[in-house]
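Asker: Dumping the structure here so I can ask a few things about it.
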Amino acid sequence: MFKAENTETKIGPVKGFTFIGDPGCSGLGVEIMSVFNACLYESGGDFILVGGDIVPNGTDRFYESVTAMVDQSINKPIYMLAGNHDTLSYEKYFGKKNYFLYNDSLLLIALDDSGRVFTREALETLQGALKFERPNIVLAFHIPPVNKITQDSVDAQEWLKVSAIIKPFKDKIKYILCGHIHSYFEDDIDGIKLIATGGGGARMDEVPGIRTPYYHFVDFYFDNNGKLQYNRKFVEFSKNELIKNEDIKNESAEVKSIKASPVREAMEEAFAGECRAHVRYRLYAEDALKNNNPGLAKLFAAASDSEYHHARNFYYALNGLKQAKHSLSESIAGETYEAETLYPAGVDLAQQYKSGLAVYAFRDACEAEKVHMRLFSAALSQAGEIPEKRYFTCTSCGLTFTGEPNFKFCPVCGAPLGKIREVSPAEISGKEK
């Protein structure tokens, strides 16, 4: 990722650039990062500008994780805006918060308003940048100016400071780009087109009067007359790196090691297939719901439930269920293999092939499996009945823990408490409704 060492940077000729808003403020779980990763892969610009909030907070390890993934995922210059979640260590990883890029056709000015104010440094950078007047000028900052769509903006008095500086250049300022709002909308600000976009991975939000779009980004390009134009692009997960490596993720060492009759082998294969279908259809249902298609979501949810019961039937026929002690021992062995052998090897392999998102998936899963090892081992050491506890799961990365959450975000992926769900006994009762 690009580190803005200098306030001004001259870049070479470009056909266009891509703007991606708010990847990480809902946490850095694999689901979220897969959206961001898909945006990176599908971006059509010669460089990418991320509209802030690439991390859920300023903890160093979140910066390190996301920058490592990005560097392994795409070979394209990526520039950052400072967001309200990008605190503490932003400058250590991304350099200056106020800077500008320019060539013969474009002047892109990045300003810091992450504290809902335009600092003296930001205003001085703006004034200095406008001396490099170009046919296409773009202003970019995280929190939108006062607009007709949302009140989640900088104060009107703060915007007046910027408005006074840019007034003589309004004819050449083509766009104001912002993130922060986890949706998409456009507005007119003093005769300049405002584009607010936050579909790069963070949880999508409803904006009054605006239909919440699915995850998206914005590609900017120069037309035949040299004028900067744009297209909003919806994310297509067919190009997602995690899906491209699905053959690695789905390989089952346990199935390969089975020595049994052809009938048992066929049932083991069927069980594995039903399990994959159960999870796959659940993901399809979640995707359809996010895409405002409840009818399709219900269809896939029903199919997912059906595949679960198919898998359960095959497992019963295979006599897979054992006594509690054996089940715990078997589970500990499986989790230990995943946490200590399979997933670390997956990380090494993914790094070798520069598959950043796959590294992310293996590492997230590995951390959760270590917790499962401890929980199962503690249960195995209990004599008699296992005491009932409250269990919680992070729906972003899969971390499992007991007791009340005593933190503000998931310690593995940084997801907020709203993404952490208590496991309900009703979900495992097996009773028909």
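The values are calculated or read from the model by the stated rules, or taken from the named source; none is laboratory data. If you're wondering where the values come from, they're calculated on a predicted model, not measured in any experiment. Every residue, glycine among them, receives a Cβ derived from its backbone with ideal geometry; neighbour counts consider all protein chains shown. The protein model used for the area step is the full one, side chains on, heavy atoms only, and it has no ligands, DNA or RNA in it. Shrake-Rupley method; radii C 1.70, N 1.55, O 1.52, S 1.80 Å.
Asker: Considering only DSSP states other than H, G, I, E and B, which trypsin sites (Lys or Arg not before Pro) in the stretch 8-100 qualify as loop sites with at most 14 other Cβ atoms within 10 Å?
Answerer: Passing both the DSSP loop test and the Cβ count: Lys15.
Asker: Here's something else I'd like to know. GNM on the chain, C-alpha springs below 10 Å: top fluctuator among Ala164, Ala415, Ala140?
Answerer: Ala164
Asker: Just to be sure I understand the curve: with the Debye formula and one point per C-alpha of the chain, what is log10 I(q)/I(0) at q = 0.09, 0.14 Å⁻¹?
Answerer: For the chain, the Cα-only Debye profile gives -0.64, -1.29.
Asker: List the residues, sorted by chain then number, that are 5 or more residues from Gln229 or on another chain and whose placed amide H is less than 5 Å from its amide H.
Answerer: Tyr221, Phe222, Asp223
Asker: Another question, then. Please name which of Cys275, Gly209, Thr393 has its Cα lying farthest along the dipole of the chain towards the positive end, using unit charges on Cβ (Lys, Arg +1; Asp, Glu -1) and the Cα centre as origin.
Answerer: Highest projection toward the positive end goes to Gly209.
Asker: Provide the packing ranking of 98-104, 290-296, i.e. peptides ordered by the mean count of other C-beta atoms within 10 Å per residue, highest first.
Answerer: Result, highest mean first: 98-104, 290-296.
Asker: Could you derive backbone 3J(HN,Hα) for the stretch 80-85 from the dihedral phi with the Karplus parameters 6.51, -1.76 and 1.60 (θ = phi - 60°), listing whole Hz in sequence and x where the residue is Gly or Pro?
Answerer: 10, 10, 7, x, 6, 8
Asker: Before anything else, pin down the relative contact order of the stretch 1-124: Cα pairs under 8 Å, at least 6 apart, normalised by residue count, whole percent. Please list the in-between numbers first.
Answerer: On the way: 225 pairs, mean separation 38.8, N = 124.
Relative contact order of the stretch 1-124: 31 percent.
Asker: The stretch 66-134 to the stretch 366-423: how many Å between their Cα centroids?
Answerer: Spelled out, the Cα-based centre of one part sits 38 Å from the other.
Asker: Given +1 on the Cβ of Lys and Arg, -1 on the Cβ of Asp and Glu, and no further charges, what dipole in debye does the chain carry about its Cα centre, rounded to the nearest 20?
Answerer: 380
Asker: Have a look at Gly95, Thr336, Phe234 and report the one farthest towards the positive end of the charge dipole of the chain, computed about the Cα centre with Cβ charges (Lys/Arg +1, Asp/Glu -1).
Answerer: Result: Phe234, furthest along the dipole toward the positive end.
Asker: Right, another one. Rounded, prolate or oblate for the stretch 130-233? Axes are the square roots of the Cα gyration tensor eigenvalues, ordered a ≥ b ≥ c, and the cut-off for rounded is a/c under 1.5.
Answerer: oblate
Asker: Where the centre of each part is set by its Cα atoms, how far does the stretch 136-186 sit from the stretch 261-321, in angstrom?
Answerer: Rounded to whole Å, the Cα centres lie 48 Å apart.
Asker: Which one, Ala302, Ala266, Ala122, has the greatest fluctuation when you compute a Gaussian network model over the chain with C-alpha springs under 10 angstrom?
Answerer: Ala266
Asker: Which chymotrypsin sites (Phe, Trp or Tyr not before Pro) does the stretch 383-417 hold that lie in a coil by DSSP with at most 10 other beta carbons within 10 Å?
Answerer: Working: sites: Tyr391, Phe392, Phe401, Phe407, Phe409; in loops: Phe407.
Within the stretch 383-417, the qualifying chymotrypsin sites (Phe, Trp or Tyr not before Pro) (loop, at most 10 other Cβ atoms within 10 Å) are Phe407.
Asker: Just the accessible area per residue of the chain, please: how many Å² with a 1.4 Å probe? If you can, show how the numbers build up before the last one.
Answerer: On the way: 21900 Å² over 433 residues.
For the chain, the per-residue accessible area is 51 Å².
Asker: Using the Karplus curve 6.51 cos²θ - 1.76 cosθ + 1.60 with θ = phi - 60°, work out ³J(HN,Hα) for each residue of the stretch 104-111 in order, rounded to whole Hz, and write x for Gly and Pro.
Answerer: 5, 10, 10, 10, 10, 10, 9, 10
Asker: Given a 10 angstrom Cα cut-off, can you work out which residue in Thr87, Thr67, Thr402 is the most mobile in a GNM of the chain?
Answerer: Thr402
Asker: Then there is this: If you restrict to DSSP beta bridges whose two residues both lie in the chain, what percentage is antiparallel, to the nearest 5?
Answerer: Once the DSSP bridges in the chain are tallied, antiparallel ones form about 55 percent.
Asker: Take the residue pairs Lys3/Lys167; Lys76/Lys233; Lys10/Lys174; Lys233/Lys298; Lys15/Lys193 and return only those whose Cα atoms are more than 28 Å apart.
Answerer: Lys3/Lys167
Asker: To continue, here is another question. Mind checking the dipole of the stretch 81-120: about its Cα centre, +1 per Lys or Arg Cβ, -1 per Asp or Glu Cβ, Debye to the nearest 20?
Answerer: The calculated dipole for the stretch 81-120 is roughly 160 debye.
Asker: Excluding residues on the same chain fewer than 8 positions from Lys161, give the aspartates and glutamates whose Cα lies under 14 Å from its Cα.
Answerer: Partners found: Asp112, Asp113, Glu121, Glu124, Asp190.
Asker: When only DSSP loop residues count, what trypsin sites (Lys or Arg not before Pro) in the stretch 132-238 have their Cβ near at most 11 other Cβ atoms within 10 Å?
Answerer: Answer in residue order: Lys148, Arg211.
Asker: Got a number for carbon plus sulfur as a percent of the chain's accessible area, 1.4 Å probe?
Answerer: 52
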